[in-house]
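The values are calculated or read from the model by the stated rules, or taken from the named source; none is laboratory data. None of these values were measured; they are calculated from a predicted model. No Cβ is skipped: glycine too gets one built from the backbone with ideal geometry, and neighbour counts run over all protein chains shown. We work out accessible area using only protein heavy atoms, side chains counted, and drop any ligands, DNA or RNA first. Shrake-Rupley method; radii C 1.70, N 1.55, O 1.52, S 1.80 Å.
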Amino acid sequence: MTISTDNKPTPRDYLEIQEKLEEIESNLPFEVLFYGSRERGDYDSESDFNFYLLASTQDQMKPGFIQKITNILNHLDKIAPVNLVAGDMDTFRLRLNLFEPSVVHLLELGGVFFGDRVLHGFQKEWNMIKANPIPKEKLVPFLNRRIRFYKNLTPRTEKEDAVRMERVASLSVQTWAIRSIPDISIHELVTLDIPARADKMIRAMYSKELDEEILDLLERKNEAISLKRVFQKEKDFQQSQKDTLKSRIRQLKKGIVQETEFGGT
């Protein structure tokens, strides 16, 4: 497979990847969704490729199933890092009904990269549900459980630790906004899940509600994103660079992994 090296895959690149995905055996149809700046078209040279695998629990439990899909999508990592998140249909529907920001983001701005019409079916459900009030009394506890999940993960590398800290900080900010902004909209939920847009919106629209804790958390989230990009760009570091990065991560964790009113365990 020949991948374009000008920071943008060609249509043929995508077609070849999709053809390889067709060779994956599955008990039930699966779908690969494409979202984020690469899908929207507002990406930069450091933007990742973000994919979401919707597949049955039975298929996901099959040895090598997710890894095979990951390996095929990773042909794009010659251009930029590839992120794949996997979920089953029932959990996706649960998160849809909770108005969970990352799923709302997928439904509002994502597209189908490979598969039939699973996403379109969920979008029809969403178009009926989203007229209802946001169920904050259920959504906030769900997000807090996600925060605890990421806090309790044991990272294998410094890069994984930076990604973990980014998720903890991002989810904590989302939880704070959902709890603190009475009339928060669907558009705002989506924006909260887009790092390049979230900070600007929060500082512009929620200035009266902001306090030092949240401002500090926003800065720490940006530091986590910066660290993640360092690890994506470089593979080998001199000892002095390693020591500096480890120190930055320790300081980051000290500020993020602590009990807060909006993201405590």
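Key figures
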{"read-out": "Once the Cα gyration tensor of segment 85-178 is diagonalised, semi-axes √(5λ) in Å", "value": "25, 18, 10"}
{"read-out": "Binned Cα-Cα distance frequencies in segment 198-245 - 5 Å width, integer %", "value": "5, 17, 21, 16, 12, 10, 10, 6, 2"}
{"read-out": "Share of carbon and sulfur in the accessible heavy-atom surface of the chain [1.4 Å probe, %]", "value": "48 percent"}
{"read-out": "Lys124 - accessible surface, heavy atoms, 1.4 Å probe, Å² rounded to 10", "value": "140 Å²"}
{"read-out": "Candidates Arg156, Arg12, Arg167: whichever shows maximal mean-square fluctuation once the chain is modelled as a Gaussian network with Cα springs under 10 Å", "value": "Arg156"}
{"read-out": "Selected from Pro195, Gly36, Asn222, residue furthest toward positive end of dipole (the chain; charges at beta carbon)", "value": "Asn222"}
{"read-out": "Percent of Cα pairs exceeding the 36 Å cut-off, where the set is the chain", "value": "14 percent"}
{"read-out": "For segment 143-222, the fraction of alpha-carbon pairs in successive 5 Å shells from zero, as %", "value": "3, 15, 26, 25, 17, 9, 4, 1, 0"}
{"read-out": "Ratio Rg/Rh [Cα only; Rh per Kirkwood] for segment 110-265", "value": "1.02"}
{"read-out": "Anchor Lys68: lysines whose Cα lies under 19 Å away (excluding residues fewer than 8 positions away in-chain)", "value": "Lys20, Lys78"}
{"read-out": "All aspartates and glutamates inside 20 Å of Lys130 as judged from Cα atoms, apart from same-chain residues fewer than 8 positions distant", "value": "Asp90, Glu100, Glu108, Asp183, Glu188, Asp193"}
